[in-house]
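Take a look at the structure below.
The values are calculated or read from the model by the stated rules, or taken from the named source; none is laboratory data. Keep in mind the model is a prediction, meaning the values are calculated, not measured. Cβ placement follows ideal geometry from the backbone for every residue including glycine, while neighbour counts extend to all protein chains displayed.
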Amino acid sequence: MQRSSPHIRVRRVYDPPESADGLRVLVDRLWPRGLAKADARVDEWPKALTPSAELRRWYHGPDGTYDEFCRRYEAELADPEAAEALQRLRELAAKGPLMLLTAAKDPDHSHTSVLMRLLR
């Protein structure tokens, strides 16, 4: 599955790398299960951009809703370190293709959709 913006796309990290991917950036806090680092071909892993462990637990718990997750995640991205990492991705995307990689089974209802919106 791929969603796209002019130079920014999202793909599951388990999908094989392609030459058109450009810079491959893992946007998950945890390394994907069962995937060798050499196979993933990850160029950058800015953990400051990833949802906190607390937010992830809340979202996957009984009270988590996607809309509230998005609101809380955007608040986390206002942190100076996260904001700096987000700006760096904008700058990288301006130079060429950028592939955001995630292990999420449903990227449309994960933090990647928030990142895509903020990077546009």
Practice item. Please work out if SER52 is more than 13 Å from the chain's Cα centre (by Cα) and either surrounded by 12 or more Cβ atoms within 10 Å (Cβ to Cβ) or not acidic (Asp, Glu) (or both). Key: no
Check your understanding: Cβ-Cβ below 7 Å, separation at least six or inter-chain, first residue in segment 67-89 and surrounded by 18 or more Cβ atoms within 10 Å (Cβ to Cβ), second of a type in the set (Phe, Trp, Tyr): which pairs?
Key -> PHE69/TYR59
Review point. Only one of (1) modelled with pLDDT of 95 or more; (2) within 11 Å of THR102 (Cβ to Cβ) fails for MET1. Which number is that?
Key: (1)
Practice item. Would you check if there is a residue in segment 45-60 being under 19 Å from MET116 (Cα atoms), touching a residue at least 40 places away in the same chain (Cβ under 8 Å) and of a type in the set (Phe, Trp, Tyr)? Key: no
Check your understanding: How many of the residues in segment 4-29 are modelled with pLDDT of 95 or more and exposed (fewer than 12 other Cβ atoms within 10 Å of the Cβ)?
Key -> 0
